[in-house]
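The values are calculated or read from the model by the stated rules, or taken from the named source; none is laboratory data. Source: prediction; values computed, not measured. Please note: Cβ atoms are built from the backbone with ideal geometry, for glycine as well, and neighbour counts cover all protein chains shown. The area values use the complete protein model at the heavy-atom level, side chains included, leaving out ligands, DNA and RNA. Shrake-Rupley method; radii C 1.70, N 1.55, O 1.52, S 1.80 Å.
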Amino acid sequence: MTIRMFSLALAAVLSMAAPAATPDTQSAQRITQTVRELTDDFYQGRAPGTLGEERTVGYLIGRFQALGLEPGGPGGKWVQAVPLLHTRLGKPERLQFYTSNGPMPLALGTDAYLSTLQDADVATVGAAPLVFVGYGVKAAERGWDDFKGADLKGKVAVFLINDPDFSAGPKEPVAGKFGGKAMTYYGRWTYKFEEAARRGAVAALIVHDAEGVGYGWNVVTSPGGENYGLVSRQTSLALQGWLSHDMGDKLFAAAGLDLGKLRVAARSARFKPVTLSGIALSAAIPSTHEVITSHNVLARLPGTSRADEVVMLGAHWDAYGAGKADAAGRIYRAGANDDALGVAALLEIARGYMDRPAPQRAIVFAAWTAEERGLLGSEHYAENPVYPLEKTVANLTIDVLQTAGRAKDVVLIGKGQSSMEDELAAAARAQGRTVTPETLPERGLFFRADHFPFAKRGVPVLLMMSLAGASDLEVGGRAAGQAWIDDYTGRCYHQACDAWDTSWNLDGALQDIALVQGIGWDLANSARWPLWKPGSEFAAARGQVGR
């Protein structure tokens, strides 16, 4: 650990030992101090595999050590290594659609956003034909198959975002088949790229729709051609990415097709893939690539009478690193809210636990890497668990908390999934708050944070994320809560302006942090095993474990 890092850790300990006017005031001060530290330029935006990661990991180890926690990683270490393929596309040598009326150039970043997860020096697609596969869903349990046996090998798969029923009217047969506005995993862009690769496509393109995906084109392009993937996984896709809404319309029109009509046709189970006649994608884009080793940071509070059982609390330490300067001249996208605030919350929860008698079950605190690159750190852990997943009682994840003040309610993500929502309801009642199901289920947040790799494998989860719906704020009500979401997602989400600000009011964040802290502690001091609810797609993975 460097002298600077040791000094920071020591300062944290001394500040935590200081007398407090009120617990909330001191908690807010400690959390603010942590957020401001992690978003300092010293950490260079906390991108995986950089000097910024080295400094971040050192800082976090120092903080966990100072709290008195034990190393929680494999072999008694503080970290779990996560091998990643890191790529970045350069300026295209060639990027265009061939059409019957001649070439249609694509402006990277304007007409299309692309990246690669292959270790080639040039990401190449050679005049590959395009096939529109609707929403790209194959779901036997829902009687749905958009592919109908179509051969995608060597072709470019073109998708719509979200689920087949997202835009359906109430009288359409598909209405409600995939949960209506509540996105399923089939609606996620990650699923669509995975499905294209499983079928041997050479590239995959999703037509952007801000309402369907839940964010604007600025968020799509924010990685700047950079991508990360687990080294353990291979893909057939030389290129994957997005077409702008306007380019999507233009492309289909060049093939003599009406994308608007095809959007409607794709909402039927009778839909069959449509070849874009006379259209081919040709691309040659230089790519830098390297294998890097990033790290999850894991700390452990040992249990007593049920020491082999684990309650896990997590947040992700990574952000987006350096990029182009914004209007204020900032180059580091350091994610003050997403998710330095979550990491600060994790440390504050751990501090509170250390003031109590040892819990019955072990508690593991996880600071994940590469969440912003596709939940890669938590996915790697779930594939290579340090603690058996069948002995993992639950995973509680903190990722983006609202900074607009106290709320009368807490927003539930993933209603109907598991008994963790009952745990949340009980804890909220104790605070005098109610539970509001997410009002923006189309954003699919249940599939977009580090709890999800655990859910896929049957571990009950709880996600605390304020982007899921407008909080009913004590000052300004739900309108003020929506205004906060609109401002954050429309202006600063994944941008350099996601920075700590004097306008932050952490009172509402502290309410949610207290909920996670209380639920985690209660589970760690009981013999109770949360259960998946009937009908959850994750119940079978859990089986009878813990019952």
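Modelling each spin label as a point 7 Å along the Cα-to-Cβ direction, I'd like the His289/Lys324 distance in nm, to one decimal. In this crude spin-label approximation the distance works out to 2.6 nm. Take the Cβ atoms of Asp151 and Glu93, set R0 to 45 Å, and the FRET efficiency comes out at 0.95. Considering only beta bridges that DSSP places wholly inside the chain, some 60 percent are antiparallel.
For region 263-307, trypsin sites (Lys or Arg not before Pro) meeting the loop criterion (DSSP other than H, G, I, E, B) and having at most 15 other Cβ atoms within 10 Å: Arg270. Sparsely packed loop sites in region 27-132 (the trypsin sites (Lys or Arg not before Pro) outside DSSP H, G, I, E and B with at most 10 other Cβ atoms within 10 Å) do not occur.
The angle separating the long axis of helix 51-67 from the principal Cα axis of greatest extent in the chain is about 30 degrees. The accessible-area ordering, largest first, of the residues Glu371, Glu54 stands as Glu54, Glu371, per a 1.4 angstrom probe. Shown for region 87-148: the carbon plus sulfur share of the solvent-accessible area, taken with all protein chains present and a 1.4 angstrom probe, equals 50%.
Each of Ala253 and Ala483 was given a label point 7 Å from its Cα along the Cα-to-Cβ line. The distance between the two points is 3.9 nm. I need the calculated FRET efficiency for the pair Ala140 and Asn505, taking r as the beta carbon distance and R₀ as 41 Å, to the nearest 0.05. About 0.30, to the nearest 0.05. Under 20 Å of direct C-alpha separation, and excluding same-chain neighbours fewer than eight residues apart, Lys138 reaches these aspartates and glutamates: Asp146, Asp151, Asp163, Asp165, Glu172, Glu194, Glu195, Glu442, Glu537. Among the GluC sites (Glu not before Pro) found in region 421-501, those both in a DSSP coil and sparsely packed, with 16 or fewer other Cβ atoms within 10 Å of their Cβ, are Glu474. Mean sequence separation of contacting Cα pairs (under 8 Å, at least six apart), scaled by the length of the chain, corresponds to a relative contact order of 19 percent.
Between the helical axis of 477-487 and the dominant principal axis of the chain, each derived from Cα atoms, what acute angle in degrees is found, rounded to the nearest 10? Tilt of helix 477-487: around 60 degrees. One Cα centroid belongs to region 142-198, the other to region 398-412; the line between them spans 31 Å. By the compact-protein rule of thumb, 2.2 N^0.38 Å, the alpha-carbon radius of gyration of region 105-229 corresponds to a ratio of 1.11. Rolling a 1.4 Å probe over the protein chains gives Met312 an accessible area of about 0 Å². The eigenvalues of the Cα gyration tensor, multiplied by 5 and square-rooted, give region 147-203 an equivalent ellipsoid with semi-axes of 25, 12, 8 Å from largest to smallest. Of Ile61, Ile331, the residue with the largest accessible area leads and the full order is Ile331, Ile61 (1.4 Å probe). Over 21 Å apart at the Cα level, from the set Lys148/Lys171; Lys148/Lys533; Lys155/Lys456; Lys456/Lys533; Lys177/Lys408, are Lys148/Lys171; Lys148/Lys533; Lys155/Lys456; Lys177/Lys408. Helix 3-17 and the long axis of the chain differ in direction by around 60°, with both axes built from C-alpha atoms. Solvent-accessible area per residue in region 136-176 equals 43 Å², computed with a 1.4 angstrom probe and all protein chains kept.
Counting only protein heavy atoms and a 1.4 Å probe, region 430-547 has 37 square angstrom of accessible area per residue. For region 287-295, the Karplus equation 6.51 cos²θ - 1.76 cosθ + 1.60, evaluated at θ = phi - 60°, returns couplings of 9, 8, 8, 7, 9, 10, 10, 9, 8 Hz by residue, with Gly and Pro reported as x.
Distance distribution note for the chain: the fraction of Cα pairs above 46 angstrom is 12%. Residues Cys492, Cys497, sorted by accessible area with the largest first, give Cys497, Cys492 [1.4 Å probe; ligands and nucleic acids excluded]. Measuring between their Cα centroids, region 109-141 and region 450-496 lie 29 Å from each other.
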